[in-house]
Each structure stands twice: as C-alpha cells, then as structure tokens.
Amino acid sequence: MINDAASEGPQPAFGADQRQLAAAQFQSANVTLPELWTYYYGIGGNADELALDAYLNGMVELPPLQVNLLHAALKEITADGL
Amino acid sequence: MSEDIEFRESLYSRGRAESLEDFVLQLQDLILDSSDVRDFLTDMAAIIATRLSHGGNHISCGITVIRDKRPITVASSDARARSLDELQNTFGHGPCLTALKSETAVYVPDLAADRRWPKCTTAARGAGISSILAMPMHLRSPAQSVVNLYSPHKHGFSHHGIDAAESLTGTAAKALDIALNIAHLRDARDDLAAALESRTVIDTAIGAIMAQNRCSHDAAFQILVKTSSHRNIKLREVAASIVSSISGEREFPTTYEE
C-alpha cells in the first residue's frame, strides 16, 4: 500500500466518522462478519477478516483504499437486501 | 432385582430404542434429501407430530429456529401449528418464546386455567387447542430453537408423552445441528465462489486502467471505486463494462477446482 498516502479519496480527518458509519452500517445489516469479508474480498479487498473486525471496533487503521473498499462492500451488500 | 422386572424393563427399553433408531434413520434421510433448513424443519415437524399423536389426540408441531443476523425460520406440521407459532411471534410472548428464552421446557396442561400469557392462550383456545408443550432444543450451533407441541385436549401430554417428546427433541436437536452446519458451509462456499468470480473481473479491469492511465495498482483501484460510487453502480459492474469496452467480452469465466 505504498501509494495510498498519495491517492485521492476521503481525507484522514474524516477517518473516525467514516469508521463509525461503517460500524453502524454493519451492525444494522443482516450480514455476518465472514459474509462481509467474503464480499469485500470479492470486490478486491486485501485486508483479512481479523483486520476488518479490528477496524470496525476501532482497534486499528486500514489503508485508505481498503477503507473505501469496505464502504463499497457495505453499501452494495445492504443495497442487495442481504 | 428379580428376573421378571429385568425382563420387562429390557423389553420396554428395547422397544423405545428401536423406535428412536427408526427416528434417527428418518432424520438422516431428511438431512440428505432436504434442499434447505426450512424444508428439513417442515418434514421433521411432521414426523414428530405423527410420532406423538395417538388415538384422538392429534398433536400439531411447530419448530422455530433463530440464528444470528438471519430471519427467524418457522416450520410446522400443519396450518394450525403454523398460525399459533406466528401468533406468539407477533405478540412477542407465549409459552414457546418463554421456553426459547429460558432454555427450559414449558408445559401448559390446561390453557383455560393459565394466566401467564392471556393474549396467546385466548388465541390458541380459539384455534381449538387446550394444552401446549414447548421443548427447547439444545444446539451447538450459534442458534436457538424450540419445538412447540399443541394438543386439542386438556392434559394432552402424559408423563410418558412428555418423556417421549423430550427424547425426540434431544435426537432432533443433533440432526438440526448437522443441517445448520451443512447450510452454513453451503452458503459460505457459494459466497466464496461468487467472490472469486467477481474478483477476477475487477483485477482484470484494474490492469486495464493501469495500462491506460500509466498509474499504480492502488491509484487504478481508487479510480474504479470513485467511478462506482459517483455513478452509483456496483464495483463489479463498472469493472465488467471497462473490460468489455476493451475486449468485447461479456462473460468472464473463472475456473477453479471444487
């Protein structure tokens, strides 16, 4: 993830809000963590399931691209009504 | 212990063991034949109802399964059990929900004399039910389940009947555990297969964006993510349209060994 710092996308200042939004979306979605991880992996995500869990619980940061992919996964999986 | 008593006891336990063995065989067939958990539960409810009904005491059986982050699964041997199970779920109270939450059996021998669940008992009596036995199933899977038995008679379950119901429920719980496990693994496998397919298309699109824009892998990925979110189109669909705009291909077969 060498180029993540240079890439565009949401700025780190919104990191905590983004995380809370993701965590809230995950809580209310009818999706288990393994299901979320599998979907996220399917759209190209590279973090493992433990890292997603840790991120959603505020324990670690994820690289910006992985955060964006997690958001995309949550958005798509909830739009599917899974 | 006299010989006579030993003889009678062994006869009794042998008959019961054979009947239980027969039940296990039926359940094994159900697991092999059912396409999903609900099918399995419906057939299992029918078998339990038949096994516990005798003479004029026609027992209806409903089974409720609650899994984390899944809709509640309700299955039943007949329409009467179905509507009574649904009523309790609508009211949010009743002997079956109490059994489910407390993980202990709840027996209401005479609905007319019971004051614990007024709404539920009135509705059940209206449906011609006079006694209810709710037996929770103890599962290893992260799920909760209860078997609800309805009898049209007061005191519809004798001591022997309650024993029989307990023994059937204990055996049924193991079969349900296996069925839940298989369903879980099947779902996980389907999800992974879908993920592999989707990832192939996306990886291909990333390569195309990298070549066109002379950019890094992550920069290409951010372009894809942005496009998807701005147009409100799924990532996978954006990726597929990029690949087909270059190659004309619309199908992206992913081969992997099952």
For this session: Please arrange A:Glu61, A:Glu35, B:Glu103 by counting, for each residue, the other beta carbons lying within 10 Å of its beta carbon, fewest first.
Result: B:Glu103, A:Glu61, A:Glu35
For this session: Just tell me which lysines come within less than 28 Å, Cα to Cα, of B:Lys234; anything on the same chain fewer than 8 places away is out.
Result: A:Lys75, B:Lys69, B:Lys226
For this session: Please list the non-local residues whose amide H lies under 5 Å from the amide H of B:Met137, H modeled 1.01 Å from N, same-chain partners needing a gap of 5 or more.
Result: B:Ser145, B:Val146, B:Val147
For this session: Find the centroid of the Cα atoms in region A:20-82 and in region B:20-71, then give the distance between the two in whole Å.
Result: 37
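Counting helices only, and only those DSSP H runs with n ≥ 4, report the 222 nm mean residue ellipticity of chain B as the sum of -39,500 (n - 2.57) divided by its residues, in deg cm²/dmol to the nearest 500. It would help to have the intermediate numbers written out before the result.
Working: 8 runs with 160 residues, N = 258.
After summing the helix terms and dividing by residue count, I get -21500 deg cm²/dmol.
Within 10 Å, count the other beta carbons around each residue, average over each peptide in B:145-158, B:30-43, and list them highest first.
Numbers: B:145-158: 21.2, B:30-43: 16.7.
Top to bottom by mean Cβ count within 10 Å: B:145-158, B:30-43.
Note down the magnitude of the dipole of region B:192-247 about its Cα centre, charges +1 on Lys and Arg C-beta and -1 on Asp and Glu C-beta and zero elsewhere, to the nearest 20 debye. Intermediate results must be reported in sequence, preceding the final value.
Values: 6 positive and 4 negative charges, 31 e Å.
That gives region B:192-247 a dipole magnitude of about 160 debye.
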For this session: Just tell me which lysines come within less than 19 Å, Cα to Cα, of B:Lys154; anything on the same chain fewer than 8 places away is out.
Result: B:Lys119
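Before anything else, pin down the relative contact order of chain B: Cα pairs under 8 Å, at least 6 apart, normalised by residue count, whole percent. Before the final figure, lay out each step's value.
Values: 340 pairs, mean separation 38.1, N = 258.
With pairs under 8 Å counted, the relative contact order is 15 percent.
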Exercise. Distance in nm between label sites at B:Thr50 and A:Ala54, each 7 Å beyond Cα in the beta-carbon direction?
Worked result: 5.4
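Hydropathy at least -0.5 by Kyte-Doolittle, axial extent at least 15 angstrom from the Cα trace: which helices of chain B, defined as entire DSSP H runs, fit? Each step should come with its number before you reach the end.
On the way: long enough: B:3-33 (45 Å, -0.41); B:37-52 (22 Å, 0.84); B:79-91 (18 Å, -0.81); B:159-213 (78 Å, 0.18); B:217-231 (21 Å, -0.35); B:235-247 (18 Å, 1.05).
Both cut-offs are met by B:3-33, B:37-52, B:159-213, B:217-231, B:235-247.
Can you check what the net charge comes to around B:Ile59, using other residues whose Cβ is under 11 Å from the Cβ of B:Ile59 (Lys, Arg +1; Asp, Glu -1)?
Working: positive: B:Arg51, B:Arg80; negative: B:Asp78.
Charge balance near B:Ile59 sits at +1.
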Problem set entry | Shielding of B:215-224 by partner chains, average beta-carbon count, 10 Å | 6
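Readers should treat all values here as calculations from the given coordinates under stated rules, not as data from a laboratory. The model shown is predicted, which means the values in this text are computed figures rather than measured ones. As a convention, Cβ positions derive from the backbone with ideal geometry for all residues, glycine included, and neighbour counts pool all protein chains shown.
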